[in-house]
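> Below are the structure tokens for one structure; questions will follow.
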Amino acid sequence: MIGIIGAMKIEIEKIDSLIQNKSEKQIAGTLFVSGTLNGKEIVTAVCGIGKVAAAMCAQTMIMAYSPDCIINTGVAGSLSDKAGILDTVIADSLVEHDMDTTALGDPPGFISGIDTVYFPADKYVSSLLFECASGIGGFKAITGRIASGDQFVASAEKKDKIVAQFDACACEMEGAAIAHTCFCNKVPFGVIRAISDCADGSSHMDYAQFLPQAAAAAAEIIRLFVEKYEK
Ligand code: SAH
């Protein structure tokens, strides 16, 4: 079974509309929709915004459905000239950019206990996502680090800081929390994000304008991914 998590309804509703033999279960305030897509078993969920909601959803999905892998799909702000609006970024690794115990001598983003800063994405899942994203509508797909935090990044200053600290090429609010949860449960995962804005002074306007198209592009990549996934 393939698990698909998006933060917002607009990122998941297209995929849900394609699911056959649908069944639904509400757990801890989140609706899980399972069934088949192209003959493959899938389960989807809209987790809500931010790292806590995302981690709760991923843990619940793992415990209730035991998925073989989890994909986090949706939109993101670009931190790199290499990814423009409606291009896609596939994570090779993820970081929680607002995790900060540097005052105690830890590096930025350090997760104490696990003692890591970066969560690497599964290689098979990520390379298949890249292959699927590369075939979509003339837009570019790139692979790189994604930084997640509990804030909508909307200034050059904040953007430059995340790039300087973590060398990330996109920012969003859920991916690293899902990565962290999957890492602890030894579940392979991947993150695919279509760029809705450039995380700068215009990002609130770009986000509003491009969210529907970016979400649709990400959903189409997921549809292709499920079709091609063989594990
Ligand atoms: N109240 C709004 C909040 C949206 S937050 C709502 O519910 O619609 C923005 C969402 O898009 C998050 O899920 C995040 O992962 C992603 N995102 C897109 N651009 C972003 C940016 N520049 N910074 C952080 N997250 C961004």
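Laboratory data are not the source of any read-out in this text; all were calculated from the coordinates shown. Predicted, not measured: the structure shown is a model, and the values here were computed from it. Neighbour counts run over all protein chains shown; Cβ positions are idealised from the backbone, glycine included.
> Which entries in the list K9/K159; K82/K186; K82/K159 go over 21 Å, if you measure between the two C-alpha atoms of each?
K9/K159; K82/K186
> As a check on your grasp of the helix formula, calculate [θ] at 222 nm for the chain: sum -39500 (n - 2.57) over DSSP H runs of n ≥ 4, divide by the residue count, round to the nearest 500.
Values: 6 runs with 85 residues, N = 231.
Mean residue ellipticity at 222 nm (helix-derived): -12000 deg cm²/dmol.
> Hey, another quick one. When 1/r is averaged over all different Cα pairs and the result inverted, which Kirkwood radius in Å belongs to the chain?
17.2
> What are the residues whose amide H is under 5 Å from the amide H of D92, where those residues sit 5 or more places off or on another chain and H is modelled from the backbone?
G144, R145, I146
> Still on this model: Amide H neighbours of N72 under 5 Å, at least 5 residues apart or on other chains, H built in the peptide plane: list them.
I5, G190, V191, I192
> Collect residues whose amide H, placed 1.01 Å from N in the peptide plane, falls under 5 Å from the amide H of D98; neighbours closer than 5 in sequence don't count.
Under 5 Å from the amide H of D98: D150.
> On to the next question. Which is farthest toward the positive dipole end of the chain among S23, I136, I222, measuring Cα position about the Cα centre, with Cβ charges +1 (Lys, Arg) and -1 (Asp, Glu)?
Final value for the positive-end residue is S23.
> Follow-up question, since we're still on this one. Let me know the charge dipole size of the chain about its Cα centre in debye, to the nearest 20, where only the beta-carbon of Lys, Arg (+1) and Asp, Glu (-1) is charged.
On the way: 18 positive and 28 negative charges, 110 e Å.
Rounded to the nearest 20 debye, it is 540 debye.
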